[in-house]
1. Return the total of residues in the stretch 328-360 being among the hydroxyl-bearing types (Ser, Thr, Tyr), buried (at least 20 other Cβ atoms within 10 Å of the Cβ) and farther than 20 Å from VAL294 by Cα.
2. Name the residues in the stretch 362-377 that are out of contact with any Gly (no Cβ under 7 Å at 6 or more places or on another chain), assigned to a loop (DSSP other than H, G, I, E, B) and either surrounded by fewer than 24 Cβ atoms within 10 Å (Cβ to Cβ) or on the phi > 0 side of the Ramachandran plot (or both), would you?
3. If the requirement is being more than 21 Å from THR137 (Cβ to Cβ) and either within 14 Å of the ligand (Cβ to nearest atom) or touching a Gly at 6+ places or on another chain (Cβ under 7 Å) (or both), which of these qualifies: ALA270, ALA328, ALA305, ALA300?
4. Among the residues of the stretch 184-194, is there at least one that is within 15 Å of the ligand (Cβ to nearest atom), among the hydrophobic types (A, V, I, L, M, F, W, C) and touching a Lys or Arg at 6+ places or on another chain (Cβ under 7 Å)?
5. Of the residues that make up the stretch 365-372, is at least one within 14 Å of the ligand (Cβ to nearest atom) and touching a Phe, Trp or Tyr at 6+ places or on another chain (Cβ under 8 Å)?
6. For the stretch 52-160, which strands (runs of 3 or more DSSP E) that fit wholly inside it have 2 or more residues that are more than 16 Å from the ligand (Cβ to nearest atom) and touching a Ser or Thr at 6+ places or on another chain (Cβ under 6 Å)?
7. In the stretch 1-57, which residues are out of contact with any Gly (no Cβ under 7 Å at 6 or more places or on another chain), surrounded by fewer than 17 Cβ atoms within 10 Å (Cβ to Cβ), among the hydroxyl-bearing types (Ser, Thr, Tyr) and modelled with pLDDT of 90 or more?
8. Tally time: how many residues in the stretch 118-138 are within 20 Å of the chain's Cα centre (by Cα) and without any contact (Cβ under 8 Å) to a residue 60 or more places away in the chain?
Amino acid sequence: MKFVSTRKKAPKVSASEAILQGLAPDGGLYVPESFPSLSHLNVHEISSYPELAYEVLAPFFEDDPLKDDLAQICMDAFNFPVPLVPLKGEEMVLELYHGPTAAFKDFGARFLAASMEKILEKQSRNLTILVATSGDTGGAVAAAFAGRKGIDVKVLFPKGRVSKRQQTQLTCWGGNIEAYEVDGNFDDCQKMVKDAFMDQEIATKWGLSSANSINLGRLLPQSVYYVYASHLYYQAIGKKPTFIIPSGNVGNSCGAYWALSMGAPIERIALSVNENKTIPDYLFSGNYEKRPSVATLANAMDVGAPSNMERLFDLYPDIDTMRKMVSAWSVDDETIKKTIKEVYDESGYIMCPHTATGERVRRDQFSGKPTIVVSTAHPAKFEQVVEPLINTEIPIPENLKQLLDKETSFKQVGKEYRELFE
Ligand SMILES: *Cc1c(COP(=O)(O)O)cnc(C)c1O
């Protein structure tokens, strides 16, 4: 199995090489040359999530140096539960927030960190990871890489755009993790990372690599829970579910499309976005126009130029196929609030603002249908938004509590990438 760049001007590489490089040398993103079929998978015989993850991912590593470490990497990375929770009738929620930083990004970040540590150990090498975050990525990456051998991490976050608790999770690590507060928005942070990679001298001297949602090592494990949940659902209900996925950079939903490409029992995939409407507008008009991001209550989805769209364009090159496979709706802040309250009043279930965009799309577009809304973060991470709406204090999960008690530190920088290397 080889991986090719979406821009088709870089050599094919193995999974390990793609994971180390992050971005392909031609500026494109790595995608599998072809998708293996899941027909070998006997889900009835699989007893644990790490075991399923191994079975799903093994074909991607079949001739890779990490082949013999993959089972261990899956055990190391996926050491927390992945509940599929029934809400009402055939409507369910897939809770992806039971990892160390209480958001779905723990899946990708932990898999990537465990893989990279093994690769570097084999090669006796060190490197520096640059990661731009609009909220949750950085925390998950920092947590996943903290204390790992041979790897330093620089995390960039936009000033004033992340919640207090998110900021604590970015800045509480010390050791091999350094946090930078950027005087700009998330797109500025992402641009600094891209510029640093394009600077050959810096990239070589520091051994730069990425851990953003563009890294193949983040994407691959994000396809596993779609395989897992769609099979569980199908066994329980006897129908294929439609997944509704709160989306920003489209890394999470890209994982779903890859699971679908492998043959997972998925009826349809729908994206919910906040007021950053680049994708629904594109599906409507046929013109893809990146924009600056706008700040919303679902801030981990404040993305005007979704980086993983390049992978969806690679999968579905023309607008007609894209429209057949992808639907997307935008949900504004007022509607997010209304939905959090509505769900809580009806059932006592508490959703974070991101998850609420998905629930809104379910209620407006797929009501009563076999659906799984993907819950991307624990509501306790967004208590300032959620608690006033439901008039209740949200208990903080134990893993988060431990992080929030730590001391924090960060550096302040402008929008110039060179400042990160002074
Ligand atoms: C990152 C994130 C998203 C968006 O995921 P993408 O892969 O960027 O589309 C949604 N919700 C939460 C809580 C997140 O942290």
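1. 1
2. Listed by number, the residues that qualify are PHE366, SER367, LYS369, PRO370.
3. ALA270
4. yes
5. No - not one qualifying residue is present in the stretch 365-372.
6. 127-132
7. Selection gives SER34, SER48.
8. Of the residues in the stretch 118-138, 2 are within 20 Å of the chain's Cα centre (by Cα) and without any contact (Cβ under 8 Å) to a residue 60 or more places away in the chain.
The values are calculated or read from the model by the stated rules, or taken from the named source; none is laboratory data. Every value quoted in this text rests on a predicted model; they were computed, and no experiment measured them. No Cβ is skipped: glycine too gets one built from the backbone with ideal geometry, and neighbour counts run over all protein chains shown.
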